[in-house]
Amino acid sequence: MVGITSYGVHIPRYRMDRKIIFQQMGWFNMGNAAIARGEKAVANHDEDANTMAHAAAQECMGTRECRELDGLYMASMSFPYANRQNAVVVSSALGSRSDIRTADFTGAVKSGTTAMISALDAIAAGSAGSIMVCAADCRFAKPGSAQEITFGDGAAAVLLGKEKVVAAFKGSFSVSHDFMDSRRLANERFDRVWEDRWIRDEGYMKIIPEAALGIARKYQMQIGEFEKIVIACPNEGALKGLAKVVGARPDQIQGNFVDQIGDTGVAMPLLMMVAAIEESKPGDKILVLSYGYGSDALCFEVTEEMEKKKHERKGMKAHLAAKEALTLYTKYQAFRDLVPFDIGIRGESISPTAMTVLNRQGSTVSALVGVKCKACGTPQFPSHTVCVNPACGAVGQMEPYRFSHRTGKVVYFAADHLAFSWDPPLGYVLIDFPEGGRLWLELTDHNLDQIQIGTPVEMTFRRKYSDPYRGHIVYYWKAKPVKQNLAARGDGHD
C-alpha cells in the first residue's frame, strides 16, 4: 500500500495584520480595502523557501533517521537559487545520504501536488522506498498591490512510502492548460496578474472542476463519498462557487487558512491536506485539488495508522497559534528587501565564502554533524579525533553525531546592539546538550527579555548571510526557543 507515512508543516512565527499594510499603502490603491482583513504569515529575515521546507521536513521525520530517505523532491515558486539545486540544500541539511534522488519542481503553484504524484509513481513502480516531498513559498509582491496583502509564507512536507501508511493513495488525475492568470519572466522578481473576475470565472471555475469530475469518472467515485475536499483556491467567492459546481456540501470543503496565514502558493494544497488528514478518522476519503496552469486531483483514504500519529507532532492548530505580531510595515519591507536601507559599514562587510573550505567542512555546516566518542559516549562539536572528555582521551574512536535535531539549554546569552542585524539586537547563546556537547550560536525567532539561563532551545536551519556580490547564500544553524512551541501545545511548560 503506497501513501503518506508522515507529514510536517512550518508556519513562520511573524504574522502581520493586513490592515497595517493597507494603512500604509491604501492611499495608492483604495480598492484593496475589501481584502485587508485577517493576517498573513511573514517569513523572518533569515528564512526562505529552503529553510522553511527544511523545518517542515524535520517535523515530518520526527525521530526517524533521515538517512533512510531514497529521495527528496522540492517544490516552490520562490526558489532562492536558479542555478543550484534547492532540493539538495534541504536534503543535505537533513543529513541524508548522497545516493538519493533529488529534484526541483517549479513553474506553477500546483508544483507541490505534481511532485507528490511523481514520487508516488516512483514508489509504486519500486524504484524508491521512501521519498520526501517539500512544498514551500516565501512570496514576493509589489508594494501597493493586492498580492502584497493576500500573499503569505509557509511550508509543508509529506513522507511517502509503503510502510505504516496514514493515508493510502487511491489515484490521481491531472489536467494542463496554458491559462496565464499569473506569470513572471526569469529576470523579474514580482508576478504579473490579470483581472480577478476573469481568473475566477475562466480559471478556478473551469479548470478545477475539470480535474475533480475527471478523477471521479476515472475511478467511478461520487463527490459525496469524500469526507474532506481540499481545493487550493485563495478566492473565497470562487471557493463557494466551486463547491456547488462539483456537487460538494459546504461541510466537505476544507478551510484554506487564507485569513490566518494568507495565500501560501505552492504550499497551500499540502498545508490544507495535512489539516484535513489531522481532522479525519480511519476510513475517511480526502480529495486534494490543486491549481495553476492546470490542476492535479489526488485521492487518499485515511488508515488506522493515523490514530497512532496524531500526537507525534504539533499539528496545524498549534502552528497557527504559535505566533508573534509584526506591527511595523517598514520591518516587513526590510525583511523582503523592498526598499534600500542604510545598513552601515558593519552590514556591508561580508567576507568572501571559500567554496573549497565550505565543501571540506561538509556535513559539519550543512547538517550540524559533530562526533561521538565510541569509548565513553561523549558527543562533541566540532569534530575532533581525540575525545575531549578528560577522563577518556580516546584517539580515533569517533563516529558521526548529528546535533541538528537535539534540544539544548542556554548556559550563557548576550545581546549585541552594535553588530548588524535585520532584526536587532543580534542575540547569541551558549548551549549545553544533555547528552554532551556545547555550541555557540545566534538566536532567532526570539524575544531577548524572555531568554534566561536554562531556557530550552532547538536547532533551526536558517540563512547566516547573503552575499549578493558573489551570488551566494550561506546557510547555517541557529537556536530557537522551544517554549514557543510548547506553549502552543498547551502542555504546561514555561
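The values are calculated or read from the model by the stated rules, or taken from the named source; none is laboratory data. Just so it is clear, the structure is predicted and the values come from calculations on it, not from any experiment. For neighbour counting, all protein chains shown are included, and Cβ atoms are generated from backbone atoms with ideal geometry for every residue, glycine included.
Numbers at a glance
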read-out	value
Test: residue in segment 326-333 that is of a type in the set (Val, Ile, Thr), under 17 Å from residue 4 (Cβ atoms), at pLDDT 95 or above and in the same structural domain as residue 227 (by TED's automatic domain parsing)	no
Filter pass, residue 382 being in contact with a helix residue (DSSP H, G or I) (Cβ under 9 Å, 6 or more places away or on another chain), within 16 Å of residue 67 (Cβ to Cβ), in contact (Cβ under 8 Å) with a residue 12 or more places away in the chain and exposed (fewer than 15 other Cβ atoms within 10 Å of the Cβ)	no
Filter result (surrounded by 18 or more Cβ atoms within 10 Å (Cβ to Cβ), among the aliphatic types (A, V, I, L, M) and in a strand (DSSP E or B)) within segment 294-350	297, 298, 302
Residue under evaluation residue 373, criteria (1) in the same structural domain as residue 170 (by TED's automatic domain parsing); (2) surrounded by 12 or more Cβ atoms within 10 Å (Cβ to Cβ), criterion not met	(1)
Segment 376-433 - residue that is touching a Gly at 6+ places or on another chain (Cβ under 7 Å), in a loop (DSSP other than H, G, I, E, B) and not small (Gly, Ala, Ser) and, of those, nearest to residue 337 (Cα to Cα)	420
Subset of segment 1-31 [among the small types (Gly, Ala, Ser) and either buried (at least 16 other Cβ atoms within 10 Å of the Cβ) or at pLDDT 95 or above (or both)]	3, 6, 8, 26
Odd one out for residue 438 among (1) touching an Asp or Glu at 6+ places or on another chain (Cβ under 7 Å); (2) crowded, with 20+ Cβ neighbours inside 10 Å	(2)
Any hit, segment 96-110, residues being under 30 Å from residue 304 (Cβ atoms), at pLDDT below 95, in contact with a helix residue (DSSP H, G or I) (Cβ under 6 Å, 6 or more places away or on another chain) and surrounded by 22 or more Cβ atoms within 10 Å (Cβ to Cβ)	yes
Residue satisfying all of: in segment 351-365; more than 30 Å from residue 190 (Cα to Cα) and assigned to a loop (DSSP other than H, G, I, E, B); modelled with the lowest pLDDT among these	354
Residues of segment 56-78 classified as within 11 Å of the chain's Cα centre (by Cα) and buried (at least 24 other Cβ atoms within 10 Å of the Cβ), total	6
Test: residue 446 is buried (at least 19 other Cβ atoms within 10 Å of the Cβ) and not in a strand (DSSP E or B)	yes
Members of segment 118-137 that are in contact (Cβ under 8 Å) with a residue 40 or more places away in the chain and either surrounded by fewer than 19 Cβ atoms within 10 Å (Cβ to Cβ) or in contact with a Lys or Arg (Cβ under 9 Å, 6 or more places away or on another chain) (or both)	118, 122, 123, 124, 128, 129, 130, 131
Pair list, Cβ < 7 Å and 6+ apart or interchain, from segment 263-288 residues that are farther than 27 Å from residue 35 by Cβ to residues that are among the hydroxyl-bearing types (Ser, Thr, Tyr)	277/7; 282/303; 286/280
Filtered residue count, segment 221-255, keeping only those that are among the polar types (S, T, N, Q) and within 17 Å of residue 157 (Cα to Cα)	0
Residue within segment 254-270 that is closer than 14 Å to residue 204 by Cβ and among the β-branched types (Val, Ile, Thr) present	yes
Of all residues making up segment 157-213, the number that are of a type outside the set (Val, Ile, Thr), in contact with a Lys or Arg (Cβ under 6 Å, 6 or more places away or on another chain) and touching a residue at least 24 places away in the same chain (Cβ under 8 Å)	3
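Let's see how each residue does on (1) under 30 Å from residue 149 (Cα atoms); (2) among the hydroxyl-bearing types (Ser, Thr, Tyr):
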{"position": "291", "(1), (2)": "yes, yes"}
{"position": "317", "(1), (2)": "yes, no"}
{"position": "320", "(1), (2)": "yes, no"}
{"position": "336", "(1), (2)": "yes, no"}
{"position": "355", "(1), (2)": "no, no"}
{"position": "370", "(1), (2)": "no, no"}
